[in-house]
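Participant: Quick one: this structure, given as structure tokens, is what I'll be asking you about.
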Amino acid sequence: MNITSLNSRAARGVDAVPVRVETHLAPGLPGFTIVGLPDTAVRESRDRVRSALVNAGFDFPQRRITVNLAPADLPKDGGRFDLPIALGILLASGQLGRVDTGKLEFIGELALSGRLNPVPALLPAALACARTGHTLVVPPDNADEAALAGARTLAPASLAALCAHL
């Protein structure tokens with residue numbers, strides 16, 4: 001499969017707006033583009049994701065990679081989309097096989113090593129996940145905050161640990 005779609009959430013004040021992280025791998029000159037009103041920190045995720053994938057033992061595809069953060073008119077900020085971007089690349093490139101992610105939401109910043117770093121303002125996303133019945137995948141340092149909201153959580157220490165679980 002060359003296209004994937006994963007669930008995440010953007011922080012907007014005290015709300016957590018649903019965001020679809022769509023990843024497409026295409027033939028052509030290798031490139032990595034993120035669209036959908038990303039700020040500088042989101043655009044920099046290209047480098048964090050590339051290093052995290054390689055350091056977690058995966059291949060970084062030498063293809064044209066386009067990541068769309070939808071809805072396109074909602075500003076996206078911070079490193080919270082690193083994890084769904086990395087997983088989208090792994091799924092679209094066939095490195096994880098078939099994984100049902102329909103009831104999962106992913107939020108987390110990746111360290112260059114592939115470790116998951118905490119993100120700020122996670123509570124609204126956890127409350128939204130609790131209301132929808134989705135499981136929220138978060139960094140370990142955010143697990144208590146997510147559990148406080150009553151959300152089902154999964155808190156792997158690293159990208160490799162999450163992939164092994166999936």
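The values are calculated or read from the model by the stated rules, or taken from the named source; none is laboratory data. In this text the structure is predicted, and so the values were computed from the model without any measurement. FYI the Cβ positions are ideal-geometry reconstructions off the backbone, even for glycines, and counts take in every protein chain you see. Quick note on the areas: whole protein, heavy atoms, side chains included, nothing else; ligands and nucleic acids left out. Shrake-Rupley method; radii C 1.70, N 1.55, O 1.52, S 1.80 Å.
Participant: Calculate one ³J(HN,Hα) per residue across the range 122-139 by plugging θ = phi - 60° into the Karplus curve 6.51 cos²θ - 1.76 cosθ + 1.60, and present them in order as whole Hz with x for glycine and proline.
Facilitator: My calculation for the range 122-139 gives 8, 4, x, 5, 5, 5, 5, 5, 4, 5, 8, x, 7, 8, 9, 9, 9, x Hz in order.
Participant: Normalised by the number of residues in the chain, what is the relative contact order in percent for Cα pairs under 8 Å and 6+ residues apart? Working shown, then result.
Facilitator: Numbers: 388 pairs, mean separation 39.2, N = 166.
Normalised by residue count, the contact order of the chain is 24 percent.
Participant: Figure the gain on full extension for Leu37 and Asp100 (residue separation times 0.36 nm, minus the Cα-Cα span) and round it to one decimal in nm.
Facilitator: Stretched fully, the Leu37-Asp100 segment lengthens by 20.0 nm.
Participant: So, one more: Please give me the summed charge of the neighbours of Gly28: other residues whose Cβ is under 11 Å from its Cβ, Lys and Arg +1, Asp and Glu -1. Could the numbers behind the result be given before it?
Facilitator: Details: positive: Arg63, Arg64; negative: none.
Surrounding charge for Gly28 is +2.
Participant: Can you give me the angle between helix 82-92 and the longest principal axis of the chain, using Cα atoms only, in degrees from 0 to 90, rounded to the nearest 10?
Facilitator: It works out to around 50 degrees.
Participant: While we're here: Percent relative contact order of the range 95-154, based on C-alpha pairs within less than 8 angstrom and at least six residues apart?
Facilitator: Relative contact order here is 34 percent.
Participant: Can you give the net charge of the other residues whose Cβ lies under 11 Å from the Cβ of Pro118, counting K and R as +1 and D and E as -1?
Facilitator: Cβ neighbours under 11 Å give a net charge of -2.
Participant: Can you give the charge dipole size of the chain about its Cα centre, rounded to the nearest 20 debye, using +1 on the beta carbon of Lys and Arg and -1 on the beta carbon of Asp and Glu?
Facilitator: 340
Participant: Subtract the Cα-Cα distance of Leu154 and Ser113 from 0.36 nm times their separation in residues, and report this length gain in nm to one decimal.
Facilitator: 12.8 nm
Participant: So how much accessible area does Lys103 have, in Å² to the nearest 10, using a 1.4 Å probe?
Facilitator: 130
Participant: Output ³J(HN,Hα) for the range 12-23: one whole-Hz value per residue in order, computed from phi by the Karplus curve 6.51 cos²θ - 1.76 cosθ + 1.60 with θ = phi - 60°, and x for Gly and Pro.
Facilitator: 9, x, 9, 9, 10, 7, x, 10, 8, 9, 9, 10
Participant: Give me the number: length gained by fully extending Asp141 to Ser51, i.e. 0.36 nm times residue separation minus the C-alpha to C-alpha distance, one decimal in nm.
Facilitator: Residue separation times 0.36 nm, minus the Cα-Cα distance, leaves 30.3 nm.
Participant: Could you state the per residue volume, in Å³, of the convex hull enclosing the Cα atoms of the range 52-166?
Facilitator: Cα-based convex hull of the range 52-166, divided per residue, equals 105 Å³.
Participant: How do Asp39, Asp141, Asp77, Asp82 stack up against each other in accessible area, from largest to smallest, with a 1.4 angstrom probe?
Facilitator: Asp141, Asp77, Asp39, Asp82
Participant: Here is a further query. Using a simple spin-label model with points 7 Å from Cα along the Cα→Cβ vector, what separation in nm is obtained for Arg12 and Arg131?
Facilitator: In this crude label model, Arg12 to Arg131 measures out at 1.3 nm.
Participant: If you take every DSSP beta bridge fully contained in the chain, what fraction is antiparallel? Give it as a percent rounded to 5.
Facilitator: The antiparallel fraction comes to roughly 60 percent.
Participant: Choose one of Leu127, Val138, Leu91: the residue whose Cα lies farthest towards the positive end of the charge dipole of the chain (beta-carbon charges +1 Lys, Arg; -1 Asp, Glu; about the Cα centre).
Facilitator: In the chain, that residue is Leu91.
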